[in-house]
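What follows is a single structure, written as structure tokens, with notes after it.
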Amino acid sequence: MVEPHLHERILNFAVSTGEFMLKSGAETYRVEDTITRILEVHKYKTIDTFVIPTGIMVTINDDSFAMVTKVVRVKNRSTRLDRIESLNQLSRDYVDGKLDVYEARLNWRSSKRHQAITLLT
């Protein structure tokens with residue numbers, strides 16, 4: 001398996017965060033804003049984000065790599081304001097430089113796992 005480049009990891013983190021927010025009932029404008037803010041930290045030449053209630057499409061481009069687009073279909077939605085708040089805080093910490101992409105991804109995964117366990121208890 002080929003290790004993804006850093007820009008691909010960052011894109012995957014941004015889109016996964018947006019997907020989890022959308023599945024938790026966040027408004028599309030909030031999801032777009034969060035994804036865009038995460039990606040703007042890296043000053044990519046082009047960042048295009050488009051979110052609808054059932055999908056996310058994001059493209060990034062820069063001089064150091066070819067254009068990359070990620071599309072995610074979102075099928076299941078619920079209302080979980082606690083998840084939205086948690087992901088908002090995580091994205092703020094990332095944008096403020098308190099976490100790098102690896103730490104943010106670890107926190108995201110651990111938060112997702114914790115919330116799944118909470119649902120079972």
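So which pairs qualify, if the first residue must be in region 12-27 and in contact (Cβ under 8 Å) with a residue 60 or more places away in the chain, the second must be part of a helix (DSSP H, G or I) and among the basic types (K, R), the Cβ gap must be under 7 Å, and the two must be at least 6 apart or on different chains?
Matching pairs, first to second residue: F13/R105; F20/R83; F20/K112; M21/R30; S24/R83.
Is at least one residue of region 57-65 touching a His at 6+ places or on another chain (Cβ under 7 Å), assigned to a helix (DSSP H, G or I) and in contact (Cβ under 8 Å) with a residue 24 or more places away in the chain?
no
Out of the residues in region 69-84 that are loosely packed, with under 11 Cβ neighbours inside 10 Å and modelled with pLDDT of 90 or more, state the one that is nearest to I47 (Cα to Cα).
R73
For T69, state whether it is under 13 Å from the mean Cα position of the chain (by Cα), within 14 Å of I10 (Cα to Cα) and not charged (D, E, K, R).
no
For region 85-111, what are the residues that are over 12 Å from V41 (Cα atoms) and among the hydroxyl-bearing types (S, T, Y)?
S86, Y102, S110, S111
The values are calculated or read from the model by the stated rules, or taken from the named source; none is laboratory data. Quick caveat: nothing in here was measured; it's all calculated off a predicted structure. Because the Cβ atoms are built from the backbone with ideal geometry, glycine has one as well, and the counts that use them run over all protein chains shown.
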